[in-house]
Amino acid sequence: PGPKNPVVDKSPRVGGPLGLFRTLSYILSATLVGGIILILFAWPEGVEYPVCKRFIRVVSVAGFVSVVFVAVYTTAQYSGKGVTSSISPNTWRALWDALPGQALLLRVLLAAAAVWAVWEPQKVLDPGTQVASVVPLFALLATYGFDRTGGRLPAIGYVSSILHMVAVAAWFGGLVLLSRVVLIGPGEIDLVQAVRGFGRITMRAMPLAIVTGVFATYRFDGFSLFTSQHGRLLTVKILVVGFMAYATWVTRQFVLQRMSRVRGLDIRAAAHL
């Protein structure tokens, strides 16, 4: 008899695209909810700006699309079938067998609800629609707290992961809205209040993000930062977070010193920020 045929792994290679869309969905969800947090607590006038409405709408739709792609590629990975065979939502039932998959299915529904919730941003401020609009957004963030299972103290870990996502979103999403909408030109006192409010939010969000991030490191890696691939990735993340904390402090000092008594945002201050 001739030589035996080698076993060929025919499972789809989806790691690259899946990682890309996971990252995009994480970024876009944080941008959307963090922007809404800034509007709720510091810049309610933002819902009247056409550029702000357009930004929120684009981010919400892009976020929904990215989450759908995550579901498709994750199904292909779980089932071993091709990507085209995993496009139909009927095939996503394979995700229901694990907690991260269940969270992902719920995330698809909440991402769709988020598009409705923010299509008219005024709804997040209207007392009659505020709860119905805000709850899906924060529930969307909460699903990211269940993306990883196992580790030490799992029950506390899920709560910590949700708080971590909210803190990161408040910092990162507020920063993106600030840079892409608020600081694109000069404006009235409401823009100054938005910058000041962002400073207050970050001074609360950054410590929470650091504390919950340290707990996540202990939970999954036990501070073995150099002996595992994930630990080495966390080392890079720690350096980035350190720079973020420094930038937050510098921005806060600039706001306190240069913008404490101004009545509007001029071009020079906006460009500097």
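The values are calculated or read from the model by the stated rules, or taken from the named source; none is laboratory data. Computed from a predicted model, the values in this text were never measured in an experiment. Neighbour counts run over all protein chains shown; Cβ positions are idealised from the backbone, glycine included. For the accessible areas, the whole protein counts, side chains as well, though only heavy atoms, and no ligand, DNA or RNA atoms are used. Shrake-Rupley method; radii C 1.70, N 1.55, O 1.52, S 1.80 Å.
Matching residues to (1) open to solvent by 70 Å² or more (accessible area, probe 1.4 Å); (2) more than 18 Å from ARG22 (Cα to Cα); (3) in contact (Cβ under 8 Å) with a residue 12 or more places away in the chain:
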residue: VAL59; (1), (2), (3): no, no, yes
residue: ALA62; (1), (2), (3): no, no, yes
residue: GLN77; (1), (2), (3): yes, no, yes
residue: LEU109; (1), (2), (3): yes, no, no
residue: VAL115; (1), (2), (3): no, yes, yes
Say we look at the range 38-53 and pick out the residues that are in a loop (DSSP other than H, G, I, E, B) and open to solvent by less than 40 Å² (accessible area, probe 1.4 Å); which of these is farthest from GLY197 (Cα to Cα)?
TRP43
Scan the range 218-250 residue by residue and report those that are among the polar types (S, T, N, Q) and either assigned to a loop (DSSP other than H, G, I, E, B) or modelled with pLDDT of 75 or more (or both).
SER224, THR227, SER228, THR235, THR248
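Rundown of residues vs (1) among the aliphatic types (A, V, I, L, M); (2) at pLDDT 90 or above, yes/no style:
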{"position": "SER66", "(1), (2)": "no, yes"}
{"position": "VAL72", "(1), (2)": "yes, yes"}
{"position": "GLY80", "(1), (2)": "no, no"}
{"position": "ALA94", "(1), (2)": "yes, no"}
{"position": "LEU104", "(1), (2)": "yes, yes"}
{"position": "ALA114", "(1), (2)": "yes, yes"}
{"position": "TRP119", "(1), (2)": "no, yes"}
{"position": "LEU125", "(1), (2)": "yes, yes"}
{"position": "VAL131", "(1), (2)": "yes, yes"}
Among (1) open to solvent by less than 70 Å² (accessible area, probe 1.4 Å); (2) modelled with pLDDT of 80 or more, VAL255 falls short only on (2)
State whether the residues of the range 135-150 include one that is of a type outside the set (D, E, K, R), out of contact with any Asp or Glu (no Cβ under 6 Å at 6 or more places or on another chain), open to solvent by 30 Å² or more (accessible area, probe 1.4 Å) and not in a helix (DSSP H, G or I).
yes
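Of all residues in the range 54-84, how many are in a helix (DSSP H, G or I) and of a type in the set (Lys, Arg)? Let's see the steps before the verdict.
Applying the first criterion (in a helix (DSSP H, G or I)) to the range 54-84 yields 54-79, 84.
Filter once more, so that each one left must be of a type in the set (Lys, Arg): 54, 57.
Looking only at that region, the number is 2.
So, in the range 31-68, how many residues would count as being of a type in the set (Phe, Trp, Tyr) and over 16 Å from the mean Cα position of the chain (by Cα)? Full working, then the answer.
Filtering the range 31-68 for residues of a type in the set (Phe, Trp, Tyr) gives 41, 43, 49, 55, 64.
Now narrow it down to the ones that are over 16 Å from the mean Cα position of the chain (by Cα): 41, 43, 49.
Going through the range 31-68 one residue at a time, the tally reaches 3.
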Has the range 132-141 got at least one residue that is of a type outside the set (Gly, Ala, Ser) and farther than 17 Å from ALA169 by Cα?
no
For the range 167-205 the number of residues that are over 23 Å from PRO50 (Cα atoms), open to solvent by 30 Å² or more (accessible area, probe 1.4 Å) and either touching a Lys or Arg at 6+ places or on another chain (Cβ under 7 Å) or without any contact (Cβ under 8 Å) to a residue 40 or more places away in the chain (or both) is 2
